[in-house]
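The next block holds one structure in the form of structure tokens; read it before the comments.
Every number here is computed from the coordinates shown, using simple stated rules; none is lab data. Quick caveat: nothing in here was measured; it's all calculated off a predicted structure. Neighbour counts are summed over all protein chains in view; Cβ atoms, including those assigned to glycine, are modelled from backbone coordinates with ideal geometry.
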Amino acid sequence: MSEINVYDNSRKFIFSNWTNEDFVGTWGGVQTLIKAGETKEFEMSLAYHFTKHLVDRELQKQGKAHLAGVPEERKPLEEKTIAELVAGQDSPALATLKAQIKAEVLAAEEKKTSKKSKKEKKEEVKESDPSETKEFEDANK
């Protein structure tokens with residue numbers, strides 16, 4: 001994330017708190033809570049500001065506060081934290097949501113297949129066990 005002289009707040013960004021700790025960003029005296037693991041959309045100036053402070057916090061926690069001004073140290077953390085929303089591209093939040101939905105659908109289909117298999121097995125048992133058939137019941141009345 002390079003230093004920006006002019007912010008274009010018509011551009012929207014996704015801010016992801018990828019850490020396991022809540023983050024409180026402050027802008028103009030207003031605090032914004034971004035919970036651990038949460039992703040939110042912000043205008044450019046807020047997204048850049050919050051990213052700077054989240055990255056600073058994480059570098060300090062890693063014992064690298066003295067490297068906060070080194071772009072090579074910041075870049076990997078910034079790339080995990082901020083992404084611009086671009087028309088025609090999924091945001092990281094949407095991509096994550098799609099992946100979660102896909103996993104849930106696959107799990108539901110697998111569960112349905114598993115239930116179907118159990119039902120088919122019961123049918124096979126009925127077919128192979130004469131005591132399970134209607135003819136057997138009728139003959140033994």
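Here is how the numbers come out for the structure above:
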read-out: Loop-located GluC sites (Glu not before Pro) in the range 24-69 whose Cβ has at most 16 other Cβ within 10 Å (DSSP); value: E38
read-out: Sorted by Cβ neighbour density within 10 Å, fewest at the top, the residues T32, T39, T51, T113; value: T113, T32, T39, T51
read-out: Whole-Hz ³J(HN,Hα) from phi, Karplus 6.51 cos²θ - 1.76 cosθ + 1.60, for the range 43-51, glycine and proline x; value: 5, 3, 4, 5, 4, 5, 5, 5, 4
read-out: Least to most buried among R11, R57, R74 (fewest other Cβ within 10 Å first); value: R11, R57, R74
